Structure formats: structure tokens, C-alpha cells
Amino acid sequence: MTNDRMTNGEKTNREPGSGGKWELRVALSAGSPAATVSVSGRVSGANAARLDEALEGAWVAGTRRIVLDLQGVDYLSSAGVDVLGRMSARLANAGGELLVVHVQAPVGLVLDLAAIPFKA
């Protein structure tokens, strides 16, 4: 079970007992021709759904080019990789793309292993 709260218009998610270590912030900025999803914190199995919700929000709004800014992410679990892989394939099938940018080294290693392209 997680605790959700709103801070400065962004939804944050904390795993109980984490003391903020596993806090995840996700913000969606609609734009044309691309939407930007900015993420900070750690993406775990307990909170990957927040990332999925933001990407899904861009998809539902009709965006077929999504820039995913992972500058503030230092951990990406297999659940997060699954979210990115599914959305990347969905966008590619619709003629769009998921552009993953500002990736830190530990997360880049995970994305390399999962064959998800990114720009550091």
C-alpha cells in the first residue's frame, strides 16, 4: 500500500516506511507536437503505475510523440521497464515514438539491457 499526496500540482507517491527514499514524482506537460513526462525519484514495482498513468494520459490526449525526461531517476525496476516497453511499442505501432532523455548511468544500463533506446 502506498501513500499518495499532491505537491505543487504534481502527484507524488511514497512507499510506507521509506522516509522519502522511494518517492516518485511524475509531471505531464502537454505540448505540440510532443508531450513531456518528467519523472524524478525511484521507479519501483510499487509505483510504476504512476508512470504508466502519465504516459497513458498523453496517449489518450492524442499525443503520438512523448518525451520522457528521466533526469531525476536513479533507479528503474523491471516494472518500470515493462511500462516503457509497452508504451514504446504502442507509439511505434501508431507511427509515433517514445523519446527517453536525460538518463543517468544506472538507469541507462537497465535500458540498454532491455533494448529500450535513450539519449543520455
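Here, each number is a calculation from the coordinates, and none is a lab measurement. As the structure is a computational prediction, the values presented were derived from the model and not from experiment. Cβ placement follows ideal geometry from the backbone for every residue including glycine, while neighbour counts extend to all protein chains displayed.
Quick notes on this one:
- Alpha carbon centroid spacing (whole Å) that separates the stretch 68-120 from the stretch 19-58: 12 Å
- By average C-beta atoms within 10 angstrom, highest first, the peptides 108-117, 48-57, 69-78: 48-57, 69-78, 108-117
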